[in-house]
Amino acid sequence: MKANLSFQQFVQRGKVIGMYRKYMRLTARIADTAARRETRQWIQGDFDRYRGETDPRRVEVLLAQASRQYKELESGVFSML
């Protein structure tokens with residue numbers, strides 16, 4: 001982690017970590033162990049893909065996209081449980 005983050009980057013980092021944790025808590029509701037592991041790997045891969053992103057506007061777009069996808073995942077997949 002860089003020690004010299006701007007305030008905006010610091011705040012965005014917290015938002016990203018919060019979103020990641022939210023996804024992980026959602027996957028805990030998947031009963032099938034293999035499906036849960038696969039879903040977590042998919043989520044980790046998506047977050048890792050953009051780990052180095054530093055443009056604040058791009059990070060906000062990615063967070064908005066992650067939020068929409070979270071809602072779709074929650075309402076679509078987990079409504080069938």
**Asked** Considering the stretch 2-17 alone, what residues qualify as being at pLDDT below 95, in contact with a helix residue (DSSP H, G or I) (Cβ under 8 Å, 6 or more places away or on another chain) and among the hydrophobic types (A, V, I, L, M, F, W, C)?
**Response** Leu5
**Message:** Any residue at all in the stretch 65-75 that's open to solvent by 80 Å² or more (accessible area, probe 1.4 Å), touching a residue at least 12 places away in the same chain (Cβ under 8 Å) and of a type in the set (Gly, Ala, Ser)?
**Reply:** no
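Are any residues in the stretch 4-21 open to solvent by less than 80 Å² (accessible area, probe 1.4 Å) and under 13 Å from Tyr70 (Cβ atoms), and if so, which ones?
The answer is Val16, Gly18, Met19, Tyr20.
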**Complete:** Checked against (1) open to solvent by less than 50 Å² (accessible area, probe 1.4 Å); (2) in contact with a Leu (Cβ under 9 Å, 6 or more places away or on another chain); (3) more than 29 Å from Phe10 (Cβ to Cβ), Arg29 satisfies every condition except (1)
**Request:** Consider Thr39 carefully, then state whether it is under 19 Å from Glu74 (Cβ atoms) and polar (S, T, N, Q).
**Result:** yes
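The values are calculated or read from the model by the stated rules, or taken from the named source; none is laboratory data. What you are looking at is a predicted structure, and each value in this text was computed from that prediction instead of being measured. A quick note on method: Cβ atoms are made from the backbone with ideal geometry, for glycine too, and the neighbour counts reach across all protein chains shown. Ligands, DNA and RNA are excluded from the accessible area calculation, which covers all protein heavy atoms including side chains. Shrake-Rupley method; radii C 1.70, N 1.55, O 1.52, S 1.80 Å.
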